[in-house]
Amino acid sequence: MKEVDAKIQAALDAIPSGNAEEVAGLIKAANENAGELSANYKFEFERDKAIGKLKKARDAAKKSDLPGTEQELKAARESFANLPKFL
């Protein structure tokens with residue numbers, strides 16, 4: 001989960017640059033790492049909800065909606081931070 005958090009942070013750090021394409025690429029990398037996380041049914045259910053937030057962030061970045069991207073990334077980061085509760 002630390003890799004996912006690091007990639008989300010990299011995407012958040014890239015937002016001020018205004019390069020929506022770069023931000024979308026960083027979100028995609030976080031999403032790919034997140035898909036590899038697995039433990040049990042409840043964990044995977046919550047992981048999938050967090051991945052959904054990453055998808056929303058990526059969609060917002062593709063539309064150059066960087067404030068919306070930042071909001072969704074922060075929500076996704078919080079969801080991933082809470083995943084250990086479900087292990």
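The values are calculated or read from the model by the stated rules, or taken from the named source; none is laboratory data. What you are looking at is a predicted structure, and each value in this text was computed from that prediction instead of being measured. FYI the Cβ positions are ideal-geometry reconstructions off the backbone, even for glycines, and counts take in every protein chain you see. Side chains are part of the model used for accessible areas, which takes the heavy atoms of the whole protein and leaves out ligands, DNA and RNA. Shrake-Rupley method; radii C 1.70, N 1.55, O 1.52, S 1.80 Å.
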* Asked: Which one is farthest from residue 60 (Cα to Cα) among residues in the range 1-15 that are surrounded by 14 or more Cβ atoms within 10 Å (Cβ to Cβ) and of a type in the set (Gly, Ala, Ser)?
  -> 10
* To do: Please specify each residue of the range 16-36 satisfying the condition of being under 17 Å from residue 48 (Cβ atoms) and either in a helix (DSSP H, G or I) or open to solvent by 50 Å² or more (accessible area, probe 1.4 Å) (or both).
  => 27, 28, 30, 31, 32, 33, 34, 36
* Asked: Can you tell me which residue in the range 28-52 is modelled with the lowest pLDDT, limited to those that are among the polar types (S, T, N, Q) and more than 14 Å from residue 5 (Cβ to Cβ)?
  -> 38
* Within the bounds of the range 49-65, is there any residue that is polar (S, T, N, Q), assigned to a helix (DSSP H, G or I) and either crowded, with 16+ Cβ neighbours inside 10 Å or out of contact with any Lys or Arg (no Cβ under 9 Å at 6 or more places or on another chain) (or both)? -> no
* **Number of the condition not met by residue 78 [criteria: (1) in contact (Cβ under 8 Å) with a residue 40 or more places away in the chain; (2) under 16 Å from residue 2 (Cβ atoms); (3) open to solvent by 90 Å² or more (accessible area, probe 1.4 Å)]** => (1)
* Pair list, Cβ < 7 Å and 6+ apart or interchain, from the range 27-49 residues that are of a type in the set (Gly, Ala, Ser) to residues that are exposed (fewer than 13 other Cβ atoms within 10 Å of the Cβ) -> 39/87
